[in-house]
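The values are calculated or read from the model by the stated rules, or taken from the named source; none is laboratory data. This one's a predicted model, so the numbers in the text were calculated from it and none came from an experiment. No Cβ is skipped: glycine too gets one built from the backbone with ideal geometry, and neighbour counts run over all protein chains shown. What goes into the accessible areas is simple: the full protein's heavy atoms, side chains included, and nothing from ligands, DNA or RNA. Shrake-Rupley method; radii C 1.70, N 1.55, O 1.52, S 1.80 Å.
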Amino acid sequence: MIRVLYPGSFDPLTKGHMNIINQATDLFDEVIIAIMQNPLKNSGFFTLEERVEILKELYKDKNNIQIVTGSNATVDLALDNNCKAIIRGLRGLSDYDYEVQLQQINKDLSNNLVNTICLFADKEYQFISSTIVKEVLNLGKDISKYVDPLVQERMLIKKRRI
Ligand code: ADP
């Protein structure tokens, strides 16, 4: 039984993230999605609770996916949840250097217990990032190609309130 942890801020969850989640569930027995709250970065769009609600709703019928939250070291979450590896998605060279550092520190902090596996989104999703989606929304443009309809609906509601 191989369980893996997929951490991220998912603010918002994009079709790029969803593509990585689909690939991970094909490869492994269980995927724990860890929605992270970075205490140093508070300029988010959705609150942690809103992100949890969206992901729980979207994956409610998948019994090999669990949603957890975290604000401390990702590697501790991986160990606490008996995950053998952390999944990261790579969009291109711009993600690479940072991910190399991250996998090394996570190996180090876990005394080599937690490895990192990088997956690549399918071509049509590789350029999508949460930041780009927020910018496109702010320009008043259609985001339906980049996020699930539920995420789009929640983003439009939230934008009207801000
Ligand atoms: P972002 O970097 O877009 O703010 P997250 O912190 O939520 O997003 O990202 C979580 C993980 O998903 C990271 O490993 C990130 O590189 C990966 N990821 C995000 N978008 C994509 C994408 N379009 N294709 C592949 N991986 C992605």
Spin-label point model (7 Å from Cα, Cβ direction): what's the N38 to K56 distance in nm? 2.5
Got a sec? Charge dipole of the chain, +1 on Cβ for Lys and Arg, -1 for Asp and Glu; which of I54, V133, G70 is way out at the positive end? V133
With r defined as the distance between the Cβ atoms of V136 and M1 and R0 fixed at 30 Å, what FRET efficiency is calculated, to the nearest 0.05? 0.15
What's the lysine pair count for the chain at a Cα cut-off below 12 Å, pairs eight or more apart or interchain? 5
Dmax and Rg, reported as Rg then Dmax, of the chain (C-alpha, Å): 15.5, 47
Sorting N111, Q152, V31 by the position of each Cα along the dipole of the stretch 4-162 (Lys, Arg +1; Asp, Glu -1; all at Cβ), the one nearest the positive end of that ordering is Q152
Taking the Cα-to-Cβ direction at D26 and at K159 and moving 7 Å from each Cα, how far apart do the two end points lie in nm? 3.1
GNM, the chain, Cα, under 10 Å: largest mean-square fluctuation among S129, S94, S144? S94
Peptides 85-91, 147-153, 117-123: what's the order by average Cβ count within 10 Å, highest mean first? 85-91, 147-153, 117-123
Under 20 Å from the I117 label point (7 Å along Cα→beta-carbon), backbone N, the stretch 18-42: 18-35
Please arrange K62, K141 by accessible surface area, largest first, computed with a 1.4 Å probe and ligands excluded. K141, K62
So what is the accessible area of the stretch 3-127 per residue, in Å², with the probe set to 1.4 Å? 56
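Of all accessible surface on the chain at a 1.4 Å probe, what whole percent is carbon and sulfur?
49
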Span from the the stretch 38-107 Cα centroid across to the the stretch 1-32 one, whole angstrom: 9
